[in-house]
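Data block below; observations after.
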Amino acid sequence: MAQKSGNKNYLAHIPTSNEELWDALVLAYQMAKRGKMRTADQHKFEVRWYENLRILYFDIIYRTYNPSRSKAFITHNPVDREIFAAPFRDRVVHHLIYGICGSWWNRHFIYDSYSCIPGKGTKVGVERIQHFMRSAVQEDKRNGRSGKEVRVLKRDLSGYFMSLEREVLYKRVMFGLDRQFPDKGYTYRLMEFLWRKIIFDDPIEGVRVVGKKSDWEKLPPNKSLFHQPPGKGIVIGNQTSQLLSNIMLDLLDRYVTIELGFKRYGRYVDDFIIVATEEEYPAAKEVMMEKIPKFLARYGLRVHPKKIYNQRVGHGVSFLGKYIYLSHITLGKRTARNFYKAAMDYSHGKGGEEAIDSYLGMGKYTASAWLNAKVFESVGWRYYYT
């Protein structure tokens, strides 16, 4: 009997035979169609979807599947970032992999891992950090202190996706498969094959570059796959990459929260925060400045040497596009600048109102009415407070 996946957003059952694999592949295809603008590649696949899906199905069961070639380009919002966009056929495979393995991993991640996990995201991450700040202040006050010496420490990794060693990732994935499918049966062998193909595929081989060479000139070498040694780096944007990112840094999460015992810790992709009481602060500083860098170096990862945030709680903290204070949350400075730009572009006919709606949505759960009014005023609009 097929196993329950435990994730209603994806597969109803985890496939345990070729017949069930076909049903799972159809569901993965339907999931891959959701939520993104249709590309010419997707349209081409959909015109003869049944035939194309059958070809993909047989490629998988006969182990002849290989990832297709991606197209690479640079996005500029919110920052310059290199993207390798996988063809639609491979996105179906990514959804299949996530549907089979994602739920198991998501149940094993710590609660305060916020990125790309159902029911989590930036809103939960921001609210949790504010909760940590408030609870640390209350703890200090209960211990006879003022609460003003509570510290927020934040760091991130340098060129995280480009630094990931594929062999290490594969070992981590197999660690999960060994526990999810201890019988080493059909699904285990299927996933071992697909993970190997995805992880060890060289994305720059045969890639189609879209845009101008000058797009890459401002991008530091540690932000581009074109400058990485063999066996290092994974693409940004694929659903499997998002899962692999969490699988890798689950090691960090457990090291900080379980081995070192810090309870006010949170992470979104490669941004991580510790909120420390006055008593905890010396140990927290040592962890952020010494222990975490040494721990991550074992896996070929490097903490960014210059991006170090260490402030008293009263100053607030910038995290996930928001600025978090004890009493309220506002949109972050870079987000606000981009909001101004989007409004100006739209007023000159350069963009759609979807961008404006997006920024208004970001501020929905924050104290941002004043910012909305200023942005609207800057382009001659009127903002109605609700």
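The values are calculated or read from the model by the stated rules, or taken from the named source; none is laboratory data. Worth saying up front: this structure is predicted, and the values here are computed from it rather than measured. Every residue, glycine as well, gets a Cβ built from its backbone with ideal geometry; the counts of neighbours run over all protein chains shown.
Key figures for this structure:
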read-out: Unmet requirement for Arg334, which otherwise passes all of (1) of a type in the set (Lys, Arg); (2) in a loop (DSSP other than H, G, I, E, B); (3) in contact (Cβ under 8 Å) with a residue 40 or more places away in the chain; value: (2)
read-out: Qualifying residue in the stretch 126-142 (condition: of a type in the set (Ser, Thr, Tyr) and within 22 Å of the chain's Cα centre (by Cα)); value: no
read-out: Sole residue being at pLDDT 95 or above, closer than 28 Å to Pro78 by Cα, touching a helix residue (DSSP H, G or I) at 6+ places or on another chain (Cβ under 6 Å) and among the charged types (D, E, K, R), chosen from Arg151, Arg172, Arg128; value: Arg151
read-out: Helices (runs of 4 or more DSSP H) fully within the stretch 224-309 counting 2 or more residues that are acidic (Asp, Glu); value: 239-254
read-out: Every pair of residues 6+ apart whose Cβ atoms lie under 8 Å, when the first sits in the stretch 161-180 and is in contact (Cβ under 8 Å) with a residue 40 or more places away in the chain while the second is basic (Lys, Arg); value: Met162/Lys223; Met162/Lys232; Ser163/Lys232; Ser163/Arg302; Leu164/Lys232; Glu165/Lys232; Arg166/Lys232
read-out: Top-ranked residue of the stretch 153-186 - restricted to ones that are surrounded by fewer than 17 Cβ atoms within 10 Å (Cβ to Cβ) and among the aromatic types (Phe, Trp, Tyr), ranked as nearest to Val275 (Cα to Cα); value: Phe175
read-out: Qualifying residue in the stretch 72-87 (condition: surrounded by 14 or more Cβ atoms within 10 Å (Cβ to Cβ) and among the basic types (Lys, Arg)); value: yes
read-out: Neighbours by Cβ (under 7 Å, 6+ apart or cross-chain): first from the stretch 229-254, within 18 Å of Val93 (Cβ to Cβ); second assigned to a helix (DSSP H, G or I) and polar (S, T, N, Q); value: Ile234/Ser241; Val235/Ser241
read-out: Residue check for Met191: at pLDDT 95 or above, crowded, with 16+ Cβ neighbours inside 10 Å and more than 19 Å from Gln239 (Cα to Cα); value: no
read-out: Subset of the stretch 352-367 that is farther than 17 Å from Gly121 by Cβ and at pLDDT below 70 - its residue that is surrounded by the most Cβ atoms within 10 Å (Cβ to Cβ); value: Ala367
read-out: Verdict on Tyr281 being assigned by TED's automatic domain parsing to the domain that holds Glu127, under 26 Å from Gly147 (Cα atoms) and surrounded by 15 or more Cβ atoms within 10 Å (Cβ to Cβ); value: yes
